[in-house]
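The values are calculated or read from the model by the stated rules, or taken from the named source; none is laboratory data. The model shown is predicted, which means the values in this text are computed figures rather than measured ones. Glycine also receives a Cβ, built like all others from the backbone with ideal geometry; neighbour counts cover every protein chain displayed.
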Amino acid sequence: MILLDVNGTLIDLTAAKNAIFEEVTLRNFRKWGFKGSPEHLKKTFAEVDEDLKYKIHNLETYPREVAHRLKLKASDDELSQENSEFKKAIIKKAHLMQGVQEALKRLSKISDLVVFSNGWNELVFPLLEKFDILNYFSDVVCIGGTGMNKERGQAFPELRQRGAWAIIGDNSKVDGMGEKMGISFVDVGQGWEQVIKKISDLKRQRGK
């Protein structure tokens, strides 16, 4: 079983998040009375993200907690609306990484493919459906909001027991944590041809 990361591996969300911050998040927080700089708001979101990383929470917790820290008054309906706008915008603006469709076709002939993401089901599934790649995966494992995180090596042991032997990702410090459990990290940054060659080599080694 081969695991694949989402952001930076299958789909580019970074550019979308930056655009959405200006178009959705900052605009809504201005309506709620925020008068600080965009950098201050980004910093507060980053602090909240770090604090929530290993706690059980949902997507709406982020703007709610940021508004609380900045002493802003936002109603439940406003927070829900902000969350809805964020999800719609990120799905609309996300881009499929180059070469993904062909790579998945070839990888699916080598082994079962499973998405393994620190993201959220409510974002990852619509994104996979948007780019018509969901059918390549036998399972989708999203641990966003569960209190677990790949950078702590969490969920890797369970996936190893299920048969995972490799993970394709863009961050060795996060996706590479599975190597301690026998899940080889393959860096997508080397290009899909090299990734597929490495995966094929690992598969042959397993067969010896």
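A quick yes/no check of all residues on (1) part of a helix (DSSP H, G or I); (2) among the basic types (Lys, Arg); (3) touching a helix residue (DSSP H, G or I) at 6+ places or on another chain (Cβ under 6 Å); (4) touching a residue at least 40 places away in the same chain (Cβ under 8 Å):
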{"position": "THR9", "(1), (2), (3), (4)": "no, no, yes, yes"}
{"position": "LEU26", "(1), (2), (3), (4)": "yes, no, yes, no"}
{"position": "GLY33", "(1), (2), (3), (4)": "no, no, no, yes"}
{"position": "THR44", "(1), (2), (3), (4)": "yes, no, yes, no"}
{"position": "ARG64", "(1), (2), (3), (4)": "yes, yes, yes, no"}
{"position": "LYS71", "(1), (2), (3), (4)": "no, yes, no, no"}
>> Quick check on this structure: which one of VAL140, VAL195, VAL124, VAL174 is aliphatic (A, V, I, L, M) and touching a Cys at 6+ places or on another chain (Cβ under 7 Å)?
In response: VAL124
> Could you count how many residues in region 11-24 are closer than 25 Å to GLN190 by Cβ and either among the aromatic types (Phe, Trp, Tyr) or part of a helix (DSSP H, G or I) (or both)?
Replying inline: 4
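For every residue, the table says whether it meets (1) within 15 Å of SER117 (Cβ to Cβ); (2) under 16 Å from the mean Cα position of the chain (by Cα).
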site	(1), (2)
GLY163	no, no
ALA166	no, no
SER172	no, yes
MET177	yes, yes
LYS180	no, no
VAL186	no, no
GLY189	no, no
ARG206	no, no
> Of all residues in region 30-76, which are of a type in the set (S, T, N, Q) and in contact with a Leu (Cβ under 8 Å, 6 or more places away or on another chain)?
Replying inline: THR44, THR61
>> Of everything in region 11-24, what is in contact (Cβ under 8 Å) with a residue 60 or more places away in the chain and either crowded, with 19+ Cβ neighbours inside 10 Å or among the hydrophobic types (A, V, I, L, M, F, W, C) (or both)? Give them in sequence order.
In response: ILE11, LEU13, ALA15, ALA16, ALA19, ILE20, VAL24
> Here is a list of conditions, (1) under 22 Å from LEU59 (Cα atoms); (2) not assigned by TED's automatic domain parsing to the domain that holds HIS57, and ALA103 meets all of them except one; can you say which number that is?
Replying inline: (1)
>> Considering only residues that are buried (at least 17 other Cβ atoms within 10 Å of the Cβ) and touching a strand residue (DSSP E or B) at 6+ places or on another chain (Cβ under 8 Å), which ones fall in region 101-117?
In response: LEU104, LEU107, SER111, LEU113, VAL114, VAL115, PHE116, SER117
> Of all residues in region 139-161, how many are in contact with a strand residue (DSSP E or B) (Cβ under 8 Å, 6 or more places away or on another chain) and charged (D, E, K, R)?
Replying inline: 2
> Has region 53-60 got any residue that is surrounded by 13 or more Cβ atoms within 10 Å (Cβ to Cβ), assigned to a helix (DSSP H, G or I), among the hydrophobic types (A, V, I, L, M, F, W, C) and under 23 Å from the mean Cα position of the chain (by Cα)?
Replying inline: no
>> Considering only region 1-22, I want to know if a residue exists there that is on the phi < 0 side of the Ramachandran plot and in contact with a Cys (Cβ under 9 Å, 6 or more places away or on another chain).
In response: yes
